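Enquirer: Following this message is one structure expressed as structure tokens.
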Amino acid sequence: MNRPGRGLRRAAAAGFASAVATATLAGPAVAGTQAAAPGPVVKLIVAQNSITLTSFRGRVYLDPGVYAASLGSALQFDVQRASYTKPITLTQVIYRPGGGTTTRSLPSSLLDGFNGLRDFLRLSVADTAGKVVASTRPLFCLNFGPQRAVPDSARTNPYPPGCANDPFPKSLVMGLPRGWAADPAGFSLSFPPPTVRLAPGTYKVTATIAPQYVRLLHITAADATARVKLTVVKGRGCCAAAASRTAPGRARALAPLPRVRYLASPPAAALPDLVPLPSWGISTSHTRSGRDLLTFGATVWVGGNSPLDVEGFRSNGSPVMKAYQYFWRNGHVVGRARAGTMGFDSKPGHNHWHFEQFARYQLLDSAKTLAVRSHKVGFCIAPSDPVNLLAPHAVWQPPSTGFGDFTCGSPTALWVQEMMPVGWGDTYLQSIAGQAFDITSVPNGTYYIEVIANTQHVLYESNTHNDVSLRKVILGGTPGHRTVKVPAWHGIDPEG
């Protein structure tokens with residue numbers, strides 16, 4: 001599948017746009033929760049006062065189980081840029097006790113792009129003599145692994161289940177509902193816990209919220225610090241336990257949709273808009289068989305008015321499924337139409353059904369004519385990256401993210417649903433032979449990586465004029481040692 005790592009998070013099936021009713025997020029607090037604050041009350045909460053962690057080759061995954069909780073009301077940050085030439089901005093949305101919201105701008109220096117908050121928490125480890133022997137500042141994405149923190153917490157979590165990994169998102173919403181908490185050092189596939197070098201023994205871990213956040217969020221000194229006793233024991237084998245864990249996958253929450261009427265001309269209000277982003281993570285490699293490859297990442301995201309919902313149905317034991325596009329309006333399916341095919345891919349790393357007309361990748365020469373075509377043709381469509389969660393109709397919390405064991409069906413499936421909501425993208429990294437561009441015989445010079453969505457026009461869209469993206473690359477070097485230079489795109493330079 002060759003997707004970048006993603007934290008697969010358990011999430012509610014219902015999505016919320018940025019205009020979520022404030023009562024859901026900030027409803028009146030009851031005994032046990034600090035209310036009456038003009039905004040969230042942020043507090044560190046310890047899951048265990050004493051923990052034991054295992055070291056492997058002298059290193060420990062340092063997750064002391066300290067959570068940052070939002071009590072009283074939701075803690076929400078809107079991260080966005082007006083255009084790709086504008087800087088990223090950070091805005092706090094404050095849910096008032098009596099209803100309604102206010103906003104305030106915060107310094108963008110608090111952000112690590114769209115990945116989360118930088119330097120929010122400092123973890124320091126002291127030995128029995130009180131000497132600090134290790135410290136770390138994990139990146140904090142509020143959306144990773146949230147949990148209910150108090151009995152009177154909000155029952156549901158409307159926020160998306162992760163932060164961005166693609167370098168070209170336009171907006172992101174990070175947040176914790178009232179009474180929920182997240183572990184800044186918790187395990188996820190995108191951001192594993194920080195590692196520190198510790199010998200077996202007894203230590204004290206002190207977690208401290210950084211002074212700039214204490215000041216901006218009006219956090220009390222008592223709420224900004226937590227301590228945990230740590231015992232480190234020597235492990236056996238090669239790898240820390242946290243490294244072997246995998247985040248749980250989830251089955252799709254949506255049921256089959258029988259007896260839906262066929263639409264020859266679906267309404268524009270029920271159509272998605274597929275948009276390929278410029279390729280990124282571009283580099284060259286050389287295989288043992290003597291081939292030079294150009295590798296890259298590619299993301300196609302969904303805008304427009306509704307999710308992309310493609311469903312395959314098998315009949316008479318056929319190895320190919322007939323695919324249909326289902327059209328959604330106001331949360332309900334209003335019709336369907338034929339839309340290509342699905343085939344089962346049994347190769348290692350796949351073992352699921354691919355929609356076969358989703359996208360195509362090509363390398364064009366300086367005259368923008370075809371030089372090399374990627375062999376990647378089938379796609380298991382799933383939301384892996386938030387791209388524009390403040391867009392109209394965007395969904396903050398899709399039924400699932402990333403790639404689970406049965407996201408795109410088993411070999412014996414009769415029906416497969418592959419769905420991507422508005423605001424989200426599907427990212428593939430073309431890092432293996434057959435999918436990467438083979439540039440062994442391609443001369444040095446200027447080229448363009450072309451990403452095309454809806455290649456055979458079998459999908460219905462609200463806009464087909466933005467189905468192609470180009471990223472300029474300059475090939476150089478010698479056989480076996482090829483190089484690539486990638487100019488920045490609108491000032492964004494993920495390869496720089």
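The values are calculated or read from the model by the stated rules, or taken from the named source; none is laboratory data. Quick caveat, the model's predicted, so the values are computed rather than measured. Neighbour counts run over all protein chains shown; Cβ positions are idealised from the backbone, glycine included. For accessibility, only protein heavy atoms count, side chains too; no ligands or nucleic acids. Shrake-Rupley method; radii C 1.70, N 1.55, O 1.52, S 1.80 Å.
Enquirer: Give a residue-ordered list of calculated ³J(HN,Hα) values for segment 463-473 (Karplus: 6.51 cos²θ - 1.76 cosθ + 1.60, θ = phi - 60°; whole Hz; x for Gly, Pro).
Expert: Values per residue, Gly and Pro as x: 8, 9, 7, 10, 8, 10, 10, 10, 10, 6, 9 Hz.
Enquirer: Report the extension gain between residue 112 and residue 492 in nm, rounded to one decimal, defined as 0.36 nm multiplied by the number of residues separating them, less their alpha carbon distance. Walk me through the intermediate numbers first.
Expert: Values: separation 380, 0.36 × 380 = 136.80 nm, distance 1.42 nm.
Additional length available on full extension: 135.4 nm.
Enquirer: Now, a different point. Heavy atoms of the protein only, probe of 1.4 Å, neighbouring chains included. What is the accessible area of residue 122 in Å², nearest 10?
Expert: Approximately 90 Å² for this residue.
Enquirer: Quick one: accessible area per residue over segment 64-167, 1.4 Å probe, rounded to a whole number of Å²?
Expert: Working: 4080 Å² over 104 residues.
Computed with neighbouring chains in place, this is 39 Å² per residue.
Enquirer: What is the local net charge at residue 74, summed over the other residues whose Cβ is closer than 15 Å to its Cβ (Lys, Arg +1; Asp, Glu -1)?
Expert: Values: positive: 43, 96, 104, 148, 155, 178; negative: 78, 152.
Net of charged neighbours comes to +4.
Enquirer: Given labels modelled 7 Å from the Cα in the Cβ direction, how far is it in nm from residue 122 to residue 330?
Expert: Distance between label points: 5.5 nm.
Enquirer: Using the Karplus equation 6.51 cos²θ - 1.76 cosθ + 1.60 (θ = phi - 60°), what ³J(HN,Hα) coupling, rounded to whole Hz, does each residue of segment 132-148 give in order, writing x for Gly and Pro?
Expert: 6, 10, 6, 7, 7, 10, x, 5, 10, 9, 4, 7, 7, x, x, 9, 5
Enquirer: Can you pick out the pairs among 368/485; 131/234; 86/485; 43/204; 86/376; 43/170 whose Cα atoms lie more than 27 Å from each other? Spell out each step's value before the answer.
Expert: Details: 368/485 18 Å; 131/234 21 Å; 86/485 24 Å; 43/204 20 Å; 86/376 34 Å; 43/170 30 Å.
Distance filter (> 27 Å) returns 86/376; 43/170.
Enquirer: Can you send over the carbon and sulfur percentage of the accessible area for segment 368-496, probe radius 1.4 Å, protein chains only?
Expert: On segment 368-496, the fraction of accessible area on carbon and sulfur atoms equals 57 percent.
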